[in-house]
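Asker: Questions regarding the structure given below will be posed in turn.
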């Protein structure tokens, strides 16, 4: 108590000395300095908390996960096995580990932390969550940690599985990008006033707001004049179409480039044997979750929303219903084979014929057209 009184007394004497010697303006400056010491800015609190967590726990920061594996937050090396990433981080980056995100701006700040087998390394006690770990460090080890501030620390449990589970709910995702987007549901730090969507930081909110009507169609490509609803979509277009940078459509294993994400994921399954999303009903695998859902609705749930007006036969896809109608109930055959001239009611029927009888696929035709 006497030490505290001495400290307060020393501050009062120092303040009095400043007032006597320099006047009220400098005295106000001193008051501001003392206030900043007692009330550090938000970013400084976040850095301090993150540094404390990384110094006194086995939590592992990471940057991302791509086709080749998990990306180190410090040197950006990629490891297919999360255990290798953990070993690499804790041994090769032991000294710099607490510096993760130091210097980051508040607007885009978010920390990705792997919390598999999370524990306090002071007492070796296991922890269920980051928040519990923070409280534990304060109560049990008397560590300085700011409680009750905005949460920007997102937990993940990295595994060798292709699908990734959210460790805050029961949702499962096919890739890290979708899971990171989903985490905004749990971290509603910034709310869109138009649709009510939540986001972990203001940068993500601002990027999202460009998709709404008031800012729609305001991003024009200077190369070709195409208009986009968001800056991110325009940038992706410019990189892919005008700069030859494929972004998400580059295989991180062999660096092959693809026109879109769908083609890349199909390549990952066929060439690199990456396991797709398995159907629980029949074990069939798909490279996209949307394709799996279509399969379940069509094959297992037997959904038939489109009905032929003549015979009442049901179809899952409208195009198939129209093809059935033209082939069965009309004599119209407007799609002719380029090789033998045989006519078909639908373009799909003609395509199947050309591939089966003449060995000509859609990709072959596209390649021939591009070479002309």
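Asker: Between residue 332 and residue 288, what FRET efficiency follows from the Cβ-Cβ distance if R0 is 41 Å, with the result rounded to 0.05? Mind showing how you got there, number by number?
Answerer: Working: r = 34 Å, r/R0 = 0.83.
Between residue 332 and residue 288 the formula returns 0.75.
Asker: Would you please give the FRET efficiency between residue 108 and residue 275, computed as 1/(1 + (r/R0)^6) with r the Cβ-Cβ distance and R0 = 35 Å, to the nearest 0.05? Mind dumping the intermediate values first?
Answerer: Working: r = 33 Å, r/R0 = 0.94.
The calculated FRET efficiency here is 0.60.
Asker: Per 0.36 nm of contour for each residue apart, how much would the distance between residue 135 and residue 157 grow if the chain were fully extended, relative to their Cα-Cα spacing?
Answerer: Details: separation 22, 0.36 × 22 = 7.92 nm, distance 2.07 nm.
Full extension from residue 135 to residue 157 adds 5.8 nm.
Asker: Now a separate question. What FRET efficiency comes out for residue 254 versus residue 223 if R0 is 35 angstrom and r is the Cβ-Cβ distance? Round to the nearest 0.05. Spell out each step's value before the answer.
Answerer: Working: r = 29 Å, r/R0 = 0.82.
Efficiency computed from Cβ-Cβ geometry: 0.75.
Asker: Sort 328-334, 99-105 by packing, meaning the average of other beta carbons within 10 Å per residue, with the highest value first.
Answerer: The densest-packed peptide leads the list: 99-105, 328-334.
Asker: Taking the simple approach of a point 7 Å from Cα along Cα-to-Cβ for both residue 352 and residue 300, what is their distance in nm?
Answerer: With each label placed 7 Å out from Cα toward Cβ, I get 2.5 nm.
Asker: Going 7 Å from the Cα of residue 125 along its beta-carbon direction, which residues of region 45-78 have the amide nitrogen within less than 16 Å of the resulting point?
Answerer: The answer is 53, 56-58.
Read the figures in this text as sums done on the coordinates, not as results from a lab. Note that the coordinates shown come from a computational prediction; the quantities given were computed from them, not determined experimentally. Reconstructed Cβ throughout: ideal geometry from the backbone, glycine too, with neighbour counts over all protein chains shown.
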